[in-house]
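Here is the structure we will look at.
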Amino acid sequence: MKKKLFIPLFLLAMASCSQSEISSSDRSINDIVQVSDYKYLGDLHNAFMSNAKSNFSYIDDSYSTLSVDEKEELVFRFNYDFALTLKEQMPNMTTDELYRSLSYYKEFSNYKKIKSLLAVEIAETKAGELTNCDISSILSDSIIGLEALPNIKVLTDLAYNQTVITPDAYICLEKVITLLDKSNKGLISDAQYGTELNIIIDDINKAKYKVGDPTIETTGPILAIIQSSYEWWEENPDAAEASNKIPQVVALDAAGAVIGAVGSLMLQEGNVPDWGKAGKSALWGAASASCGAVGKLARLFK
């Protein structure tokens, strides 16, 4: 039985949309869903990336006087202004909802902070300790604090232990997290990362999940965003100022997507999750994390 957690009022507005943006279209509930069906989230994510690369103002010595909080606020305001230009693509969100959704992931733009959540070695020792803790107290603030948040392996283990995600979704995310760990450590090449990511996606697609299936609704948005991110970095390698290897910066995007989707599902109440909310949360988490590693933006946190 899924553990019920308290959800604050502001999160009811976060990324609000239908229970599944896939099923809310003209698709039948008997239709098979593929990862590519969530590509619209990846496209939106990449739009944020391109905007950060092309339009963020030059970083000069004056920025060195800003506090970390002020730098994170600067990136958030930049992303929010751009998000407003995409409002027509998100008709179910009000301006206030969009503001709250993006501000929730404000700290994700600091690549040094989110990179620390990729340290999966300590996951096994902490998973048991955190199982009985009130994870909602960590996730329920108006801005999620990355220093208090467990790493993505612990968070995923906790979600699985509370039956928030299915066994198949857990297996998929375990593969993703293992890939991110290798990426973060610089143990694989760009080509190897792309090959292993495609294998994970193929495994999900071969299962032929239908509209509304919790496994594809959990993993589809995450994988689509990660795939789009990898493609963007391949086309824009010169934007990787936070790292010399594309897979290492892609890992930041992916971590944001995993935390966004899994965290959203853990906070939701009731027996029928709002999959659209989880998908949009994956988008906001990934977009915030990735933009902090792009070009001039990355220099803010060096």
## Note on the structure
Fraction of alpha-carbon pairs in the stretch 142-192 farther than 12 Å apart, rounded to whole percent, equals 69
#### Entry: Amide H partners (placed H, <5 Å) of Lys210, local residues excluded
Val33
### Task
Could you look at the stretch 143-299 and say what percent of its accessible area is carbon and sulfur, using a 1.4 Å probe and all protein chains?
47
### Task
May I ask you to give the solvent-accessible area per residue for the stretch 145-302, in square angstrom, as obtained with a 1.4 angstrom probe?
31
#### Entry: Orientation-averaged projected area, Cα convex hull of the stretch 159-276 (nm²)
7.5
### Summary
Sorted on mean Cβ neighbours within 10 Å (highest first), peptides 151-161, 43-53, 214-224 come out as 214-224, 151-161, 43-53
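The values are calculated or read from the model by the stated rules, or taken from the named source; none is laboratory data. Source: prediction; values computed, not measured. Neighbour counts are summed over all protein chains in view; Cβ atoms, including those assigned to glycine, are modelled from backbone coordinates with ideal geometry. The accessibility values were calculated without ligands, DNA or RNA, using every heavy atom of the protein model including side chains. Shrake-Rupley method; radii C 1.70, N 1.55, O 1.52, S 1.80 Å.
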